[in-house]
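Remarks on the structure that follows.
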Amino acid sequence: MKFPTIFAVLALSTMTALAQETPPVSAAPAKALSPKQQITGFYALCKDNRAAEGLQEMLSSNPVVQGNDVTRVAQAFGQLVSQMGPFVDFEFNKETQISKRTVVIRCIAHFERQPFTNEYTFYDPGNGDWRLVHLRYDANLASMFLEDLAPPKK
């Protein structure tokens, strides 16, 4: 009867020793998200009534932005969005490639009470790590589309 117990202890101690000798398998670094992926993730959080959290996550990707500023802006944004009713969906409206490392993307978010425009400026310092460097948002669509609404110049 002692043989199975001794064997189990011996096998367990051997497996433990092997586990300690084996270097840990490191996970591959997470692939940086593209601007459109970040925006899509943000709106997914809006759908879950977590707009402030989503914006805070996006703003936190920028090492220049101070933590307390991120929190303050995200909270104000969350309060504004909460007044528009439940989130319905969003559309990418316009994408402007300013340079190979800078892109501006405009989206229209549809809420139950009204649409809302967000314009995101992303920057990649050269390593594929796109970060949000500027956000412009407005519930007044006309102010965000002035150039599109202006009559053609003669």
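Of all residues in region 80-118, count the ones that are out of contact with any Cys (no Cβ under 8 Å at 6 or more places or on another chain) and either hydrophobic (A, V, I, L, M, F, W, C) or within 13 Å of GLY54 (Cα to Cα) (or both).
Residues flagged as out of contact with any Cys (no Cβ under 8 Å at 6 or more places or on another chain) and either hydrophobic (A, V, I, L, M, F, W, C) or within 13 Å of GLY54 (Cα to Cα) (or both) within region 80-118 amount to 11.
If a residue has to be in a strand (DSSP E or B) and without any contact (Cβ under 8 Å) to a residue 60 or more places away in the chain to count, how many in region 106-117 make the cut?
7
One line per residue, one yes/no per condition, for (1) at negative phi; (2) more than 15 Å from the chain's Cα centre (by Cα):
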| residue | (1), (2) |
| --- | --- |
| GLY41 | yes, no |
| ASP69 | yes, yes |
| GLN79 | yes, yes |
| GLY85 | no, yes |
| SER99 | yes, yes |
| THR102 | yes, yes |
| ILE105 | yes, no |
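So, of the residues in region 38-61 that are exposed (fewer than 15 other Cβ atoms within 10 Å of the Cβ) and assigned to a loop (DSSP other than H, G, I, E, B), which turns out to be modelled with the lowest pLDDT?
So, considering only residues that are exposed (fewer than 15 other Cβ atoms within 10 Å of the Cβ) and assigned to a loop (DSSP other than H, G, I, E, B), the one modelled with the lowest pLDDT is ASN49.
Specify the residue that is surrounded by the most Cβ atoms within 10 Å (Cβ to Cβ); the eligible residues are those in region 62-95 that are in a helix (DSSP H, G or I) and of a type in the set (A, V, I, L, M).
This residue is VAL81.
What are the residue pairs meeting all of these: first residue in region 73-96, first residue closer than 16 Å to ARG113 by Cβ, second residue at pLDDT below 95 and charged (D, E, K, R), Cβ atoms under 6 Å, and 6 or more apart or on different chains?
The qualifying pairs are MET84/ARG113; GLY85/GLU112; GLY85/ARG113; PRO86/GLU112; PHE87/LYS47.
The values are calculated or read from the model by the stated rules, or taken from the named source; none is laboratory data. From a predicted model like this one, the values you see are computed outputs, not experimental measurements. Here Cβ is always computed from backbone atoms with ideal geometry, including for glycine, and neighbour counts include all displayed protein chains.
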